[in-house]
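The numbers here are math on the coordinates, done by the rules we state, and not lab data. The model shown is predicted, which means the values in this text are computed figures rather than measured ones. Backbone-built Cβ (ideal geometry, glycine too); neighbour counts: all protein chains shown.
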Amino acid sequence: MLNYGEPLATADATPTLSKATLTAIQMKKISLDEAIAKNDLKIDGNRQKLDEFLGLLDTFPFWFNIVTP
C-alpha cells in the first residue's frame, strides 16, 4: 500500500495478484492486459485510475550502476 498524507476511506482501484504475477509484470514477461486475460490479475474498482497511477511511476533500466567510478 502506498500512502501520501491521510489514507482514503476507500481505494479507487485494488489489484489482486500473486507475487509470481507481480514479478512477471515487473520483468516485462507479461503485460497487465495479458495477466487480466489469464485471470492472474483482478482489479476491483476503476482500471483507469490504476493505469493513471502506474503512469506516474518512474522506470529504470534493469541493469544500472549503483556506484560509478
Quiz item: Taking segment 46-67 only, how many residues are in a loop (DSSP other than H, G, I, E, B) and either touching a Pro at 6+ places or on another chain (Cβ under 7 Å) or loosely packed, with under 10 Cβ neighbours inside 10 Å (or both)?
Solution: 11
Quiz prompt | Selected residue (criterion: farthest from residue 63 (Cα to Cα)) from residues of segment 1-27 that are in a strand (DSSP E or B) and free of Cβ contacts under 8 Å to residues at least 40 places away in the same chain | solution = 14
Quiz prompt | Set 43, 30, 36: member being outside any loop (DSSP other than H, G, I, E, B) and in contact with a helix residue (DSSP H, G or I) (Cβ under 8 Å, 6 or more places away or on another chain) | solution = 43
Quiz item: Exactly one of (1) exposed (fewer than 10 other Cβ atoms within 10 Å of the Cβ); (2) in contact (Cβ under 8 Å) with a residue 12 or more places away in the chain is unmet by residue 43. Its number?
Solution: (1)
